[in-house]
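Derivation of every value follows stated rules applied to the coordinates shown; laboratory data play no part. Just so we're clear, the structure is a prediction, and the values are computed from it rather than from any experiment. Note: ideal-geometry Cβ built from the backbone for every residue, glycine included; neighbour counts use all protein chains shown.
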Amino acid sequence: MTSDFKNEFGQPVGRPAENWTKRPLPPRSDMIGNHVIVSPLDITRDAKQLFEANREAMDGSRFTYLFTDAFDGFDAYRSWLETMAKNDDPMFHTIIDKASQKAVGVAAFMRIDVAFGGIEIGNINYSPALSQTIGGTEAMYLMMKRAFDELGYRRYEWKCDDQNAPSRAAAARYGFTYEGTFRNHIVYKGRNRDTAWFSITDLEWPMVKAAFEAWLSPDNFDDNGKQRRSLQSFRK
């Protein structure tokens, strides 16, 4: 698609990035919603609760497209979390259900590019207690809001195994745009991964944000907590 912007030679160029400066790293502070708190991973507080929450999905299928398999024992899971908690990238966060005050999932900011303003959401692992809940959607909104509104990033990425149909569907539901598939991208768990890439840009964020906020409004849910309108419908 030809740009509307031209340089002094009349050649099409990208839109100006006026007064651009490098972005800060995400702070290690809570993101608080009405249903969940997205909080930097705290091993002492979270490890046992996360392990127990994951054990509700006994067959380990929720780990199929992650880089680790399900953990049989708590000690191994805690050791892995301790390794993850030391990193600034990926920067792991725990998703805490406000009603129960229990840790029910994790997600991480990763591939953090402060120079050019790109950041990825990844390592998402929702337990059964968080999957397909209002809080699960709210957690994604809170992390996007931090990246765009608080920190001024320009690009928010989502990547997944091309075979991971639920993840691809989630990306579309949240408002990401499919950009393409990197074939033979990586090898994990002894198998090839073609990686599907999705993104939201700073220009798209206002529409995406408005849709999230309209969907999350209490008016959008009946007395049984069933949505009246889908998230996608608010972007049309």
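Structural remarks
- Among the listed pairs Lys48/Lys226; Lys102/Lys145; Lys48/Lys86; Lys145/Lys189; Lys22/Lys209; Lys6/Lys159, those with a Cα-Cα distance over 26 Å are Lys48/Lys226; Lys145/Lys189; Lys6/Lys159.
- Trypsin sites (Lys or Arg not before Pro) lying in DSSP loop within the stretch 1-87, provided at most 14 other Cβ fall within 10 Å: Lys22, Arg28, Lys86
- Shown here for the stretch 49-137: GluC sites (Glu not before Pro) in loop regions (DSSP other than H, G, I, E, B) with at most 12 other Cβ atoms within 10 Å, namely Glu56.
- Computed from the Cβ-Cβ distance with R0 of 45 Å, the FRET efficiency linking Lys189 to Ala210 stands at 0.70.
- Cleavage-rule hits (chymotrypsin sites (Phe, Trp or Tyr not before Pro)) in the stretch 19-106: DSSP loop, at most 14 neighbouring Cβ within 10 angstrom: Trp20, Phe67
- Relative contact order, percent, the stretch 59-161 [alpha-carbon distance under 8 Å, six or more residues apart]: 20 percent
- Relative contact order for the chain: 16 percent, from Cα pairs under 8 Å spaced at least 6 residues apart, divided by residue count.
- Each of Met143, Met207 has some number of other Cβ atoms within 10 Å of its Cβ, and from fewest to most they run Met207, Met143.
- Restricting the calculation to Cα atoms, every distinct pair contributes to the Kirkwood radius of the stretch 4-61, found to be 16.8 Å.
- Within the stretch 22-235, percent of DSSP bridges classed antiparallel, to nearest 5: 90 percent
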